[in-house]
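Notes follow the structure.
The values are calculated or read from the model by the stated rules, or taken from the named source; none is laboratory data. Because the structure is a prediction, the values reported are computed rather than measured. For neighbour counting, all protein chains shown are included, and Cβ atoms are generated from backbone atoms with ideal geometry for every residue, glycine included. Just the protein is used for accessible areas: all its heavy atoms, side chains included, with ligands, DNA and RNA removed. Shrake-Rupley method; radii C 1.70, N 1.55, O 1.52, S 1.80 Å.
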Amino acid sequence: MPHSPRFVTSLVLAAALALAAAAPAGAAGDGGAREVSAYKLTDAGLARYANATRRLDEAVRRSPALCAERANDDGEDTKTLDQLVAKIDASPPMRQAIQGAGMTSREYAIFSLAMT
């Protein structure tokens with residue numbers, strides 16, 4: 001069954017929200033909160049983000065195992081932006097989908113967090 005881009009985005013956002021809850025802004029070693037709060041959302045960034053999300057959806061359709069892997073990820077071990085990026089990068093299909101849209105995994109994660 002194909003999954004919508006919203007489903008794929010929700011998987012990334014689940015980890016992003018866990019990160020946001022674990023890293024209060026302004027705290028020493030803020031886990032990326034300062035970087036996220038300083039990030040400027042732009043129309044060009046949104047276009048790349050939407051393209052990356054479409055590509056992630058295509059990757060999930062091609063690999064149901066990727067969908068299951070992401071759905072079972074409760075995000076409990078994602079406490080920092082670096083850990084979220086490492087999780088994305090640990091999945092070659094996810095990393096390739098995001099890079100194919102002209103974003104880095106870090107930019108995709110930051111954009112996701114900046115929208116919340």
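So here's what we get for this one:
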{"quantity": "Calculated from backbone phi, Karplus (6.51, -1.76, 1.60) coupling profile of region 49-65 in Hz, x at Gly/Pro", "calculated": "4, 4, 5, 4, 5, 4, 5, 5, 4, 4, 5, 5, 4, 6, 9, x, 5"}
{"quantity": "Residue-normalised accessible area of region 75-116, expressed per residue, 1.4 Å probe, Å²", "calculated": "42 Å²"}
{"quantity": "Segment Gln99-Asp43, extension gain: residue separation times 0.36 nm, minus the distance between their alpha carbons", "calculated": "18.4 nm"}
{"quantity": "Neighbour net charge for Arg48 - beta-carbon separation under 14 angstrom, K R +1, D E -1", "calculated": "+2"}
